[in-house]
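Novice: Take this structure first; my questions come after.
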Amino acid sequence: MSHEKPLLQLAGMTKRFGHSVDPLHRLLNKLGASHRDQYVYAVNDVNLTVSSKEVVGLVGESGCGKSTLGRLAVGLLEPDAGTRSWRGEDVKLMPAEALRKTRLSVQMIFQDPYASLNPRRRAVDAVTEAPIHHGLIAASDKKSFAQSLFAKVGLAPEMMERYPHQFSGGQRSRLGIARALAVNPEFLVCDEAVAALDVSIQAQVLNLFMKLRADLDLTYLFISHDLGVVRHLADRVVIMYLGRVVEEGTGGEIFARANHPYTQALLAEMPVIRLERKTYQPVVGEIPSPMHPPSGCHFHPRCPHAMPRCTTEAPLLREIAPGHRSACHLNDGS
Amino acid sequence: MTATTQLKVENLVTEFVTRDGVVRALDQVSFELRAGQIMGLVGESGSGKSLTGFSIMGLLDAPGRVASGRILLKGQDLRTMNAEQLRQMRGNRMAMIFQDPMMTLNPVMKISAQMIEAIQAHRPVSKQVALDACRAALAMVGIPSPDERLQAYPHQFSGGMRQRVAIAIALLNQPDVIIADEPTTALDVTIQGQILAEVQKICRQTGTSVIWITHDLSVVSGLADHISVMYAGRIVEQGASDAVLANPSHPYTRGLIRSVPAANPPNQPLYQIPGMTPALSQLPKGCAFSPRCERSTQACQEVPLMTPMGEDHIARCFHPYREPLGLMS
Amino acid sequence: MVGLVVLVVLVIAAIFAPWLVPQNPYDLAQLDILDGRLPPWTRSGDDKMLFWLGTDDQGRDMYSAIIYGMRISLGVGLISTLGALLIGMTLGLTAAYLGGKTDSLIMRIVDIQLSFPTILIALILLAVFGQGLSKIIIALITVQWAYYARTVRSAALVEMGKEYIEAARCLDLSHRRIIFAHLLPNCMAPLIVVAAMQIAAAIALEATLSFLGLGLPITEPSLGLLISNGYSYLMSGKYWISFFPGVALLIMIVSINLVADRLRDILNPRLQK
């Protein structure tokens, strides 16, 4: 499936948290101590391109940096290095008015349907606050605007005057989606948007996402730890581990011919309803703390195929098939 | 492996006394668990699955109470016991693991202290003997260098490690039954795989029975020998995993399996069960699922009884499906 | 419940003071020094008034003086608490929202402020600025704002971590809107509880200052001053000049504390949700 031109481009994105050595410890260092900068590289030199009307699934486990990357994509976090471009233009070089439009064009759907809504705002206010604030609609059109939005996301219009705690989990998810749609975005970043929902509600909300994609020509960056969901929705899949991208490709390629050992491990654990008991042969080892990532390839302590080279040299993302890239030294052989 | 019954729950009814009247949170829940068996108790939020675990353990707080039914642990009815007898049972003959391991682990006590306490509460042994038992339990759950780990505090562990420690504590007194309430829901899939492997191994080795409470059908399908599906406080389908998953008879079970993304062709709308789970205080008359069911008729105004669907397979439905679902390989 | 009833009675009495008392204690013309130091339930020299609670050394009817004194105490307590609340709330919210250096700066000032005993600061301020009602209120505000700033900052930091604030930033709402329309309403609960209790503390502080002679002038006695005036008479048996104002002060503070306690219990379960 060929897509149109790139909508959002992240190049060389790096985001770190923590602090450098403070003056007192720097002094102690001069006297022989060895205090180091305490940084966690949540996202380390990541490139990501999402084309118009595409759904990209971003997959990984805790500490992989997918949530951070999602926030970098939306602009909630400022990167320490790298550029973010919208329709080919670097956002840092955009004039104020264009920048404001860009901000509204990229919206986020959050994971926790409870915490992502202000408990003291009625549904109608939550949804219409931003468009009124930005002058997209007149204050007098509040109710009718809210009604049309509610219809789009499948909420009954009578729920308008209620408070978030009077909605169920699935309804709160829909409310969050309505709030994001109120500013006419083109790009939605869904950060584990269905993770907290029951299976039957999850199906409803995923169907809503697909319907909105078709009706409103939306583009998605769908962040999830659930490969089953990603497989269903995504055109392309990007897999992250400890701040780096380890594999990316189309959905078909990744699920049929996963290349990186970590991807293979994830696929082996993918939730599937089976008819014989599974004999679990899981990946060994704990997910390392992002504070002290292993040297070289981050995955080598847990990788069944690790070689000496993997402990010293971080593998680069290389194209192993058209549109399919993987960062593994095993691909260099042969 | 013997086929003795470890735990038998008969017609368990749990009620909550609220301002608006008495709400029946669990209605006629029954199941039987044999030695070394793993039973998956599956349901969504509000189905009563966690409540079943708490009711069996006797951990219900007011205004909830077990109203009727029998809970037979190796033949002894737990409901006839007084508080002191129950306390001796808990942690000893039956143990519980919670979703959030910090609920089990005291953040200001070392692991060794907590584990030794769990042992000494039920057996008069010396600290040294207790420590040996702790080391053995930690090794059983696959924790390397147990001596180091014993001296650590819970916050020094990752989530997966903490859950393993919680399982180890549950195993310390070699209980007959372990009730695990969504223990891997909050963990990453690769770590979840590790924990499931350990639990599988332990059950096969020690003959402990496990009730694994979860909303995740795929986990129970890989792990459990038996499945009980709950909806609105009642068990609606029960039986051997293969039977229930290959031929789900109750429309709710069938709908649930069909809603999973893996069971649908990619990029097509997922099958979704229409409507919402009813609130327990406003259950419909008769079958609680009937408002959402495409097969419901006038007969469904009565609560259905369990109907046999095959060997070791029953469903609480007047119009069950009888054909296999045909989705799985 | 008891506290609330008592408090309501006191507040009504304070508001409608001029109509409830037989004598205006501030009007020096109405005082007759010959009526001074009369025990409770005595008639005045000219037999026009019955002094229910006796008189003080200047012939003031104790009952009238106490009611008027409560008026001042409640008024001062309320206004200074409100002022401290507004200032502390704004600074605390700003510190939590902006973070970084602004946060450090504001919090260091708060720490410095809170490490001095409140009475000491109040005394210094009053010594510098002189006496008077407005100056007392300013002193009380200065002494109290830091506590609110700290409380609201902790509550705000918790709320900042929640996703609805991120959502508001995503929607590109202005900082001011986020702080006052989103952050503030969700931080109000602990603030209300603290404020309720602080009214009592402010009243007590004002009474202390007046007792020490630095509060209001002697012609407009607050409860503290009344107590102070009667202090020297305690030993000679004329207890009523200190005793009754003391009891009134006690009842007022206890009822406020009871109401504040109850308020905290009512607001707490929602906080824990």
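Nothing in this text is a laboratory measurement; each read-out follows from the coordinates by a stated rule. Only a predicted model underlies this, so the values are computations on that prediction, with no experimental measurement involved. Heads up, the Cβs are rebuilt from the backbone with ideal geometry, glycines too, and the neighbour counts pull from every protein chain shown.
Novice: Using only Cα atoms, figure out Rg for the stretch A:132-235 and give it as a multiple of 2.2 N^0.38 Å.
Specialist: With N residues counted in the stretch A:132-235, Rg over 2.2 N^0.38 Å equals 1.11.
Novice: Taking H as built 1.01 Å from N, whose amide H comes closer than 5 Å to the amide H of A:L117, not counting residues under 5 places away?
Specialist: C:Y164
Novice: While we're here: Within the stretch A:196-232, report the chymotrypsin sites (Phe, Trp or Tyr not before Pro) that DSSP leaves as loop and that have at most 13 other Cβ atoms within 10 Å.
Specialist: When the chymotrypsin sites (Phe, Trp or Tyr not before Pro) of the stretch A:196-232 are filtered for loop state and at most 13 Cβ neighbours within 10 Å, nothing remains.
Novice: Under the Karplus relation 6.51 cos²θ - 1.76 cosθ + 1.60, θ = phi - 60°, what is the ordered set of whole-Hz ³J(HN,Hα) values for the stretch C:154-169, x standing for Gly and Pro?
Specialist: So the Karplus estimates, Gly and Pro as x, are 4, 5, 5, 4, 4, 5, 4, x, 8, 6, 5, 6, 4, 4, 5, 5 Hz.
Novice: Around A:L212, what is the net charge, scoring Lys/Arg as +1 and Asp/Glu as -1 over all other residues with Cβ under 14 Å from its Cβ?
Specialist: Result for the local shell: +3.
Novice: Could you grab the relative contact order for chain B? Cα pairs under 8 Å, six or more apart, rounded to a whole percent.
Specialist: 21 percent
Novice: Related question: Could you give each residue of the stretch C:51-57 its phi-based ³J(HN,Hα) in whole Hz, using Karplus coefficients 6.51, -1.76, 1.60 with θ = phi - 60°, and x for Gly or Pro?
Specialist: 3J(HN,Hα) across the stretch C:51-57, in whole Hz: 7, 4, 10, x, 10, 8, 6.
Novice: For the stretch B:80-126, restrict the atom set to alpha-carbon positions and state the Rg and Dmax in Å.
Specialist: Just the Cα atoms of the stretch B:80-126 yield Rg and Dmax of 12.2, 36 Å.
Novice: Still on this structure: Give the average, rounded to an integer, of partner chain Cβ atoms located within 10 angstrom of each Cβ in A:266-272.
Specialist: What the average comes to for A:266-272 is 6.
Novice: Students often forget the sequence filter, so: which aspartates and glutamates lie under 17 Å Cα-Cα from B:K49 once same-chain residues fewer than 8 apart are removed?
Specialist: A:D198, B:E10, B:E15, B:D27, B:E32, B:D61, B:D100, B:D181, B:E182, B:D216, B:E237
Novice: Grab the beta carbon distance between B:L86 and B:E117, set R0 = 25 Å, and tell me the FRET efficiency rounded to 0.05.
Specialist: Using R0 = 25 Å, I get an efficiency of 0.85.
Novice: Tell me, what is a quarter of the convex hull surface for the C-alpha atoms of the stretch B:264-310, in nm² with one decimal?
Specialist: One quarter of the hull surface, i.e. the mean projection, equals 5.2 nm².
Novice: On average, how much area does the Cα convex hull of chain A cover when viewed from any direction, in nm²?
Specialist: Computing the convex hull of the Cα atoms and averaging its projections yields 21.7 nm².
Novice: Could you work out the mean projected area of the convex hull around the alpha carbons of the stretch B:215-264, in square nanometres to one decimal?
Specialist: Result: 3.3 nm².
Novice: Is the C-alpha gyration tensor of the stretch C:164-237 telling us rounded, prolate or oblate? Criteria: a/c under 1.5 is rounded; beyond that, a/b larger than b/c is prolate, otherwise oblate.
Specialist: prolate
Novice: Something else: Determine, for C:W19, C:W145, the number of other Cβ atoms within 10 Å of each Cβ, and report the residues in order from fewest to most.
Specialist: Ranked by crowding around the Cβ, least crowded first: C:W19, C:W145.
Novice: To continue, here is another question. Roughly what would the spin-label model give for A:V21 and B:D61, points 7 Å off Cα along C-beta, in nm?
Specialist: It is 5.0 nm.
Novice: Can you return the lysines within cross-link range of B:K127? Criterion is Cα-Cα under 17 Å, with same-chain partners fewer than 8 residues away left out.
Specialist: Output for B:K127: B:K110.
Novice: In degrees from 0 to 90, rounded to the nearest 10, what is the angle of the helix C:100-115 Cα long axis to the longest principal axis of chain C?
Specialist: Here the helix axis deviates by roughly 20 degrees.
Novice: Evaluate E = 1/(1 + (r/R0)^6) for A:L99 and A:K143, where r is the Cβ-Cβ distance and R0 equals 30 Å; express this FRET efficiency to the nearest 0.05.
Specialist: Efficiency for this residue pair is about 0.45.
Novice: A further question follows. Identify which of C:S73, C:S44, C:S64 has the largest mean-square fluctuation in a Gaussian network model of chain C, with springs joining Cα atoms closer than 10 Å.
Specialist: Between C:S73, C:S44, C:S64, it is C:S44 that shows the largest mean-square fluctuation.
Novice: Measuring from centroid to centroid over Cα atoms, what is the spacing of the stretch A:223-270 and the stretch A:154-186 in Å?
Specialist: Distance between centres, Cα-based: 31 Å.
Novice: I need the per residue convex hull volume for the stretch B:166-282, using only the alpha carbons, in cubic angstrom as a whole number.
Specialist: Once divided by residue count, the hull of the stretch B:166-282 is 143 Å³.
Novice: Can I ask one more? Rg and Dmax in Å for chain B, alpha carbons only: what are they?
Specialist: 20.6, 66
Novice: Exposed loop sites here are GluC sites (Glu not before Pro) in DSSP loop states with at most 15 other C-beta atoms within 10 Å. What is the longest stretch of chain B lacking them?
Specialist: Longest stretch, sites excluded: B:1-293.
Novice: Sorted from fewest to most neighbouring beta carbons within 10 Å, what does the list C:Y63, A:Y163 look like?
Specialist: A:Y163, C:Y63
Novice: Dipole magnitude of chain B about its Cα centre, charges +1 at Lys/Arg Cβ and -1 at Asp/Glu Cβ only, in debye to the nearest 20?
Specialist: 380 debye
Novice: For a Förster distance of 60 Å, can you work out the FRET efficiency between the beta-carbons of A:H305 and C:R177, rounded to the nearest 0.05?
Specialist: Plugging the Cβ-Cβ distance into 1/(1 + (r/R0)^6) gives 0.65.
Novice: What per residue convex hull volume, in Å³, comes out for the stretch C:61-271 when only alpha-carbon positions are used?
Specialist: Cα-based convex hull of the stretch C:61-271, divided per residue, equals 126 Å³.
Novice: Helix by helix, which DSSP H runs in chain A go 20 Å or more along their axis at the Cα atoms and have an average Kyte-Doolittle hydropathy of -0.5 or more?
Specialist: Both cut-offs are met by A:199-216.
Novice: I would also like to ask the following. After finding the eigenvalues of the alpha carbon gyration tensor for the stretch B:46-119, what semi-axes result from the square roots of 5 times each, listed largest first in whole Å?
Specialist: 25, 17, 10
Novice: Can I ask one more? Can you spot the aspartates and glutamates whose alpha carbon is less than 13 Å from C:K238's alpha carbon? Ignore those fewer than 8 places along the same chain.
Specialist: C:D56, C:D57
Novice: Take A:S51, C:S255, B:S55 and order them by how many other Cβ atoms sit within 10 Å, fewest up front.
Specialist: In increasing order of surrounding Cβ atoms, one gets A:S51, C:S255, B:S55.
Novice: Next up: Pop out the ³J(HN,Hα) list for the stretch B:303-311 in order, Karplus 6.51 cos²θ - 1.76 cosθ + 1.60 with θ = phi - 60°, rounded to Hz; leave Gly and Pro as x.
Specialist: Couplings: 6, x, 8, 5, 10, x, 10, x, 5 Hz.
Novice: Here's another thing I want to ask about it. Using all alpha carbons of the stretch B:241-329, what is the percent of pairwise distances in each 5 Å bin, ordered from the shortest bin to the longest?
Specialist: P(r) for the stretch B:241-329, in whole percents per bin: 3, 14, 22, 22, 19, 13, 6, 2, 0.
Novice: Give the dimensionless ratio obtained when the Cα radius of gyration of the stretch A:199-334 is divided by 2.2 N^0.38 Å.
Specialist: 1.18
Novice: So, one more: Just to confirm the number: angle between the C-alpha axis of helix C:118-129 and the first principal axis of chain C, 0 to 90 degrees, nearest 10?
Specialist: Helix C:118-129 and the main axis of chain C meet at about 70 degrees.
Novice: Once the Cα gyration tensor of the protein assembly as shown is found, what semi-axes does its equivalent ellipsoid get, as square roots of 5 times the eigenvalues, in whole Å, sorted largest first?
Specialist: Over the Cα atoms of the protein assembly as shown, the semi-axes work out to 60, 37, 31 Å.
Novice: Let me ask another. By the scheme Lys and Arg +1, Asp and Glu -1, what is the net charge of all other residues having a beta-carbon under 15 Å from that of B:I169?
Specialist: For residues surrounding B:I169, the net value is +4.
Novice: Same structure, new question: Summing Lys, Arg as +1 and Asp, Glu as -1, what charge do residues with Cβ under 13 Å from the Cβ of B:S68 carry, B:S68 excluded?
Specialist: That sum, taken over residues with Cβ under 13 Å, equals 0.
Novice: How many nm separate the modelled label positions at B:Q205 and C:I121, each set 7 Å beyond the Cα in the direction of the Cβ?
Specialist: Each label point lies 7 Å from its Cα, and together they span 6.3 nm.
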